[in-house]
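Okay, structure first, notes after.
The values are calculated or read from the model by the stated rules, or taken from the named source; none is laboratory data. The shown structure was predicted, so the numbers you read here are calculated from the model rather than taken from an experiment. Positions of Cβ are generated from backbone atoms using ideal geometry, with glycine treated the same way; all protein chains shown enter the neighbour counts. Note: areas computed on protein heavy atoms with side chains; ligands, DNA, RNA excluded. Shrake-Rupley method; radii C 1.70, N 1.55, O 1.52, S 1.80 Å.
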Amino acid sequence: MSPVTLTLTPDQLALAEVTLDFAQEQLAPYALDWDRDKHFPLDVIRRAADLGLGGVYVGEEHGGSGLSRADGVLVFEALATGCPSIAGYLSIHNMVGWMIDRYGDPAQRARWLPDLCTARSLASYCLTEPGAGSDAAGLQTRAERTADGYLLTGVKQFISGAGASDVYVVMARTGAAGPGGISAFVVERGDPGVSFGPNERKMGWNAQPTRQVILDGVPLPADRRLGAEGDGFRIAMTGLNGGRLGIAACSLGGAQSALDRSLAYLADRQAFGGRLLDAQALQFRLADMATELAAARALVRQAADALDRGDAMAPHLCAMAKRFATDTGYTVADRALQLHGGYGYLSEYGIEKIVRDLRVHQILEGTNEIMRVIVARGLTEPLR
């Protein structure tokens, strides 16, 4: 089953098909080599931007595609069929672009968005710290007021694209403890005092760098602040609503690729006097995988529609979708590996890479335990 066969508008169908073609031609044939070599394919990312995928949610007046969240989940699912790692990075890049478009002033939008949309500049999101992961409101990076602006000091951890990205949206403390004391800033790679830790050795997502961003007294003019002082936590969380949908969609795409590979493998593999695909027990396993993916896809699209409409329940639906789709995607990929037997454990078949790539989706953009906290609060707060 293709991920583009569900009911879509003609424009959405065309968007999904074009993106899927790009993923199969420009990502899938090279994904294993990129993973092995820890190669970040900047040229391919720029070719994706030529299709409008560098500024998916950015307004057309700044070079973006001006698409909806409902469109975006189609894009990232299709991209992830080729390589979940590159699709995941592009989801983060687009999250940052949306944040600047949504919360930046006209000068900030004009300064950064055109190059982000063409991927002449790449973007990273800097919230997590060595001592503040799930407890994002407890971050310690500080932005001290100066005569000309701010001085940023701190360390951000697990930053996708760090070192290669040019633009970093950084959350830093400008006030008292808690979420109300956090502000958002735009930091550039070449700013004095910015440096990066070594590229982390990871289980998956090897086709994109993950490094610390070290801010050692980085001087920023006042016009680098995004939004008002104290608005940073709200900006960070609204950005994550969309980011969670992007990662959820990437899990769908990676798992769909694993399912499709399993169908092809079982159709070709002979055992016990016939094709494995004709064994009813294996057919039942495939049916469960397809059913669970379809359910996750429906929830992701429902959440995207709610976010587009500004529904008050959208943050809770985004959390539900992220939790369910990333858990489902990983489970489906793991089952696909099992269906391949020993061959699934070999890198050349590509299944073990999908399993490794999808595992981190249950952690990033808010762990799935935090997603449960968000959903539970939505259920229980009206009863307090």
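Side notes on the structure shown:
- Checking each residue in the range 340-384 for being farther than 15 Å from M237 by Cα and not in a helix (DSSP H, G or I) picks out H340, L346, G350, I363, R384.
- Of all residues in the range 208-223, exactly one satisfies the criterion of being of a type in the set (S, T, N, Q), under 17 Å from the mean Cα position of the chain (by Cα) and in a strand (DSSP E or B), namely T210.
- Hits in the range 258-297 (condition: assigned to a helix (DSSP H, G or I), charged (D, E, K, R), open to solvent by 60 Å² or more (accessible area, probe 1.4 Å) and touching a Leu at 6+ places or on another chain (Cβ under 8 Å)): R285
- Of the residues making up the range 104-113, not a single one is open to solvent by 20 Å² or more (accessible area, probe 1.4 Å) and under 21 Å from the mean Cα position of the chain (by Cα).
- E229 meets all of the listed conditions (1) surrounded by fewer than 18 Cβ atoms within 10 Å (Cβ to Cβ); (2) in contact with a Leu (Cβ under 8 Å, 6 or more places away or on another chain) but one, namely (2).
- Wholly within the range 55-172, strands (runs of 3 or more DSSP E) carrying at least 3 residues that are touching a residue at least 40 places away in the same chain (Cβ under 8 Å), in contact with a strand residue (DSSP E or B) (Cβ under 6 Å, 6 or more places away or on another chain) and closer than 22 Å to I247 by Cα: 123-126, 149-160
- Checking each residue in the range 307-359 for being free of Cβ contacts under 8 Å to residues at least 12 places away in the same chain, open to solvent by 50 Å² or more (accessible area, probe 1.4 Å) and within 19 Å of L276 (Cβ to Cβ) picks out Q338, G342, Y345, L346.
- Near pairs, Cβ below 8 angstrom, 6+ apart or cross-chain, from the range 181-207 (on the phi > 0 side of the Ramachandran plot and assigned to a loop (DSSP other than H, G, I, E, B)) to any residue that is crowded, with 18+ Cβ neighbours inside 10 Å and among the hydrophobic types (A, V, I, L, M, F, W, C): G193/L152; G193/L215; G193/V218; W205/V360
- Yes/no for Y57 being among the hydroxyl-bearing types (S, T, Y) and either within 22 Å of N206 (Cα to Cα) or open to solvent by less than 20 Å² (accessible area, probe 1.4 Å) (or both): no
- Some residue of the range 209-227 being touching a Ser or Thr at 6+ places or on another chain (Cβ under 7 Å), more than 14 Å from Y168 (Cβ to Cβ) and hydrophobic (A, V, I, L, M, F, W, C): no
- Complete set of residues in the range 64-77 that are farther than 17 Å from K322 by Cα and either aliphatic (A, V, I, L, M) or at pLDDT below 95 (or both): L67
- Here Y125 clears all of (1) within 15 Å of the chain's Cα centre (by Cα); (2) over 28 Å from E61 (Cβ atoms) except the condition numbered (2).
- For the range 236-253, the count of residues that are free of Cβ contacts under 8 Å to residues at least 12 places away in the same chain and open to solvent by 40 Å² or more (accessible area, probe 1.4 Å) is zero.
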